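The values are calculated or read from the model by the stated rules, or taken from the named source; none is laboratory data. As the structure is a computational prediction, the values presented were derived from the model and not from experiment. All Cβ positions, glycine included, derive from the backbone under ideal geometry; neighbour counts span all protein chains shown. What goes into the accessible areas is simple: the full protein's heavy atoms, side chains included, and nothing from ligands, DNA or RNA. Shrake-Rupley method; radii C 1.70, N 1.55, O 1.52, S 1.80 Å.
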Amino acid sequence: MAWINKHISTFFFLVYFGYYSILGETLSAPPHYQVVNVSSLQPKPYCQSSSSGSTIGSQKLEIVSRYGPCFPNAKTPTSDQLLNLDQVRVRSINKRHKSKHVAGNLDHGYYVVKIGLGTPRQNYTLMVDTGSKSTWVRCNSCTKGCKSDDDSLYDPSKSSTYTNNTSCSGSFNVSYRDKSSVNGIWGCDTLTVDDLGAITNFKFGCGQENVDPENFGGLVGILGLGKGETSLLSQSVTAMQMFSYYIPLTSSLVGNLHFGNEARTKSHTCATQFTPLVKGDNPVYYYLDLVGISVAGKKLNVSSTTFTSRGTIIDSGTVITRLPDVVYSALRAEFRQSMLSYTLLEGKVVDGLMDTCYSLEGYNQVALPKITFHFGKGTPTNDVTLSNQATVWIPHDKKEVMCLAFAAKSDFSIIGNVQQRGLNVIYDLEGERIGFGSNCAS
């Protein structure tokens, strides 16, 4: 009887959505689904400085996709190239997770922010990375791999507050798993970040030799928001042990990065679910207690220990969320079951990574199942429902295709930035918790 009921429900779902989709009429969604305009899932070819109800808080400190129209002179790789870079970063995280070595992630990174360094202030656009513990910039003393997108290199001689005394001296080196690296020296100067203010005597890496610099995509450097003694948060005052970022719904929108009281204030404008940070194998990363996932209101038939025994990292630089094979297989099966009214591109693996893709040809609207993350402990609940833009991926060079924005091939779970779209993610280090804010006031 259960089998009959299930398939009768599927039959009516297919008939209802298939019929109205063909007619092109407005859909209405059953429980745990949401009707979405296809155009809302795709970025615009121009930068949208704001969006109704989507961009929160002050515009002083903006984060943008380095591959979108809001980034000056953006050099957009093909979708295949972008996800190949993402695969290399994930392999790097996997190796760091296992070995606990300090070698860095591959910092192709997706989102960037403008900061100031020195007195008077020199502005630089750095990649925001919660998986890196140190901040570094390319310096004008560079001898190899020195070109950046805007030709701006840090010049210590132009800053009255630069020092390389005993506590700010020594060799700086960070190596990446793709064999690229940055070598140089440590230095200290005044770092200025809106909301956070000025941090005097901030220790950072001055990159003088950049091996395979094309792997950094022309960026001047990295803003390290991971954990560790040289991270930005560790070098700021105790009152600033909190930061938040809002990742925009598409790459043509602008997000925000806030610190300290500004981050706290922004969290109060949202419906925020907090979940504790938990201990993990690598001291740089932020680990969460993910215990389950639901698709269209149905929880995956995967034990919570499958998640917790392997661990879950939240990472701003990874693009697509990775799950252990058994978890991804269950997620894929439920998602496919919920999308039976659409044409599955059988046997097609898009961009070498995603294997559950659908044709959008002829569709103006689609009905997407809601995907919810369940955490072990949380306030006021332990559930975080993803936005529609966080559920699927539409390759910018294959706009007639829509894919489930998750992948397998990870020993543990990594929550990537696509799944953080539309959320105000707050890192409360003093309270040892992370919050996910939705329905934020504009």
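Are any of the residues in region 152-166 surrounded by 22 or more Cβ atoms within 10 Å (Cβ to Cβ), assigned to a strand (DSSP E or B) and either at pLDDT 95 or above or in contact with a Ser or Thr (Cβ under 7 Å, 6 or more places away or on another chain) (or both)? So that I can check it myself, show each step before the final result.
Keep residues of region 152-166 that are surrounded by 22 or more Cβ atoms within 10 Å (Cβ to Cβ), which gives 154.
Among the residues that remain, those that are also assigned to a strand (DSSP E or B) are: 154.
Cutting the leftovers down to either at pLDDT 95 or above or in contact with a Ser or Thr (Cβ under 7 Å, 6 or more places away or on another chain) (or both) gives us none.
No, the conditions are met nowhere in region 152-166.
LYS370 passes all but one of (1) open to solvent by less than 30 Å² (accessible area, probe 1.4 Å); (2) closer than 19 Å to VAL38 by Cβ; (3) touching a Ser or Thr at 6+ places or on another chain (Cβ under 7 Å); which number fails?
Unmet for LYS370, out of (1) open to solvent by less than 30 Å² (accessible area, probe 1.4 Å); (2) closer than 19 Å to VAL38 by Cβ; (3) touching a Ser or Thr at 6+ places or on another chain (Cβ under 7 Å): (1).
Considering every residue within region 329-336, establish whether at least one is crowded, with 18+ Cβ neighbours inside 10 Å and assigned to a strand (DSSP E or B). Break it down stepwise before answering.
As a first pass, look at region 329-336 and keep what is crowded, with 18+ Cβ neighbours inside 10 Å: 330-332, 334-335.
Adding the requirement that they be assigned to a strand (DSSP E or B) leaves none.
No, region 329-336 contains no residue that is crowded, with 18+ Cβ neighbours inside 10 Å and assigned to a strand (DSSP E or B).
Among the numbered criteria (1) at pLDDT below 90; (2) surrounded by 16 or more Cβ atoms within 10 Å (Cβ to Cβ), which single criterion is violated by THR192?
Here THR192 meets the rest and fails (1).
Kindly establish whether ALA367 is part of a strand (DSSP E or B), at pLDDT 95 or above and more than 28 Å from ILE426 (Cβ to Cβ).
Values: part of a strand (DSSP E or B): yes; at pLDDT 95 or above: yes; more than 28 Å from ILE426 (Cβ to Cβ): yes.
Yes: the conditions hold for ALA367.
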